[in-house]
Structure formats: structure tokens, C-alpha cells
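The structure under discussion appears below in the form of C-alpha cells.
Throughout, read-outs are computed from the coordinates displayed, never taken from laboratory work. All of these numbers come straight from a predicted model, not from anything done at the bench. Neighbour counts are summed over all protein chains in view; Cβ atoms, including those assigned to glycine, are modelled from backbone coordinates with ideal geometry.
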Amino acid sequence: MNIALLSMDGFLFALRWFHVFFGVIWIGLLYYFNFVQGPFFAETDAPTKSQAIQKLLPRALWWFRWGAMFTLITGILLVTGRTHQGFSFASSWGVNILTGMSLATVMWFNVWFIIWPNQKVVIASATQVAGGGTVIPEAAACAAKAGLASRTNVLFSIPVLFFMSAARNLNVTVDESSKFGLCAALIAIVILGLEFNAIKGKTGPLTTVKGVIHCGFALALVMYAIVEITL
């Protein structure tokens, strides 16, 4: 008896299944933080916000950061398995996957090295104040840094979902005239420019939920245009 799940295709299916599972956790919490929790914190009273920061936020951030970690790990394993089966990056699949992976990897970086370290300071400050102490001076600046990185991840998440879906469902014409190097360079410039703003800039149009969603769809269209024009 042949068991489909124990074949190489079954292994890749399992990786894709777990990749989607962890991705739902990660992106779902990202949208919760930005679309639900943020507006709630802006409107609620100080004691309620303090309790949420102390008790709710650490739990949500635990699932958030580990969802990001395992989404990345399963994604890398999945793509490695596909390339071993003969899938080429110099293809419609490869360009879409690499574009999505590049964005997702930057998002993972933001979670672990910007959002989480800064949110730890925010949580520690709220806990310290609740215990009768004083506010940690840099807590407000840390909250702003985490907020900008989180907004940038929402911005990136929309083209990530677009290109990951496009890899198997939207075929881009690739031939001998395709300029893969130019495509990669332009995509990299866009991603790195926006990431630089995430680290050193301001929220700008990303300040509002409506603004970040509109910008996300615009970014997806711009990046798709780059792929079509260069390939």
C-alpha cells in the first residue's frame, strides 16, 4: 500500500500545510495588533491599557514571534525541497517565490530584532509603573519604533500574500529576453528603501489603518509591474 503522505510529494505537502498554519498565526496576529489592538489602546483608559500591556501583550507577542520563526523555517525547507525536484528560480515560480520570500524575511527580521526588543521595554515599563515604580524613559520611543516596524510589516504582508499566491496561480512570461538581474535589483531597492524608513523614518501614510492597507495594495501593484516589465 502506497501512503501518499510518506512520499516526497507528501513531505512537501506537509511542509506547505505547516507553512500556512504558522503563517496564519503570524499574519493574523500582525493584523490584530494593527487593526484591533492599536485603535483599542488609543481609546481605552490608562488602567485597562496597562493591564493589557502586562498580561495580554506578552502572550500575543509569544505566538507572534514564534509564528514568524516557524513560517520562515518551513518556507525555506519547502523551497529547498522544490529546488531539489528541479524547480528553477529562473522561472515564473522562482521570481514570485523569491520576491515573496525576500519580503517575508525582512518582516521576520522586523519581528525579532525591532518589534520584540522594543516591546519588551514597553512591557517592562508598564509592569514597573504598576508596581509603584516610574516609567522607563525610553519606553515611549521604543513603542514608536515597534509601531513603525509593525506598520511596515502590514505594508509588506499584502505583496507577500500576492506573490506567494502568484507562484502557483499566476504565470509570468519568462524567456531569453528576461532581465532577472534588473528585476532583482529593482525589487531590492524598493524593499530596502522601505525597510530603511522602518528603522529610521516615520509612519507617514502608514499612520492609519486605511492608509497602510491602501499603501500595501499600491506596493503590490508596483512590484508586480516591475516583474512584468523586466521579464
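A few points about this structure:
- Here the range 216-229 is the region considered, the condition is being surrounded by fewer than 18 Cβ atoms within 10 Å (Cβ to Cβ) and touching a residue at least 12 places away in the same chain (Cβ under 8 Å), and the residue that is farthest from residue 35 (Cα to Cα) is 228.
- Hey, residue 114 among the β-branched types (Val, Ile, Thr) and under 26 Å from residue 197 (Cβ atoms) or not: yes
- Single condition residue 87 does not satisfy, out of (1) within 15 Å of residue 101 (Cα to Cα); (2) not polar (S, T, N, Q); (3) not in a helix (DSSP H, G or I): (1)
- Among the residues of the range 173-198, those identified as under 19 Å from residue 157 (Cα atoms), of a type in the set (A, V, I, L, M) and surrounded by fewer than 14 Cβ atoms within 10 Å (Cβ to Cβ) are 188, 189, 192.
- On the stretch given as the range 10-48, residues that are of a type in the set (D, E, K, R) and surrounded by 14 or more Cβ atoms within 10 Å (Cβ to Cβ) total 1.
Rundown of residues vs (1) touching a residue at least 12 places away in the same chain (Cβ under 8 Å); (2) among the small types (Gly, Ala, Ser); (3) surrounded by fewer than 22 Cβ atoms within 10 Å (Cβ to Cβ), yes/no style:
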position: 84; (1), (2), (3): no, no, yes
position: 92; (1), (2), (3): yes, yes, yes
position: 100; (1), (2), (3): yes, yes, no
position: 111; (1), (2), (3): yes, no, no
position: 123; (1), (2), (3): yes, no, yes
position: 134; (1), (2), (3): no, no, yes
position: 139; (1), (2), (3): yes, yes, yes
position: 150; (1), (2), (3): yes, yes, no
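- Taking every residue in the range 22-42 that is free of Cβ contacts under 8 Å to residues at least 60 places away in the same chain and pairing it with any residue that is surrounded by fewer than 20 Cβ atoms within 10 Å (Cβ to Cβ) and of a type in the set (Ser, Thr, Tyr), at least 6 positions away or on another chain, yields no pair with a Cβ-Cβ distance below 7 Å.
- The set of residues from the range 193-210 being of a type in the set (A, V, I, L, M, F, W, C) and either within 19 Å of residue 221 (Cβ to Cβ) or touching a residue at least 12 places away in the same chain (Cβ under 8 Å) (or both) comprises 194, 198, 199, 206, 209.
- Residue 99 falls short on exactly one of the conditions (1) more than 21 Å from residue 172 (Cα to Cα); (2) assigned to a helix (DSSP H, G or I), and that condition is (1).
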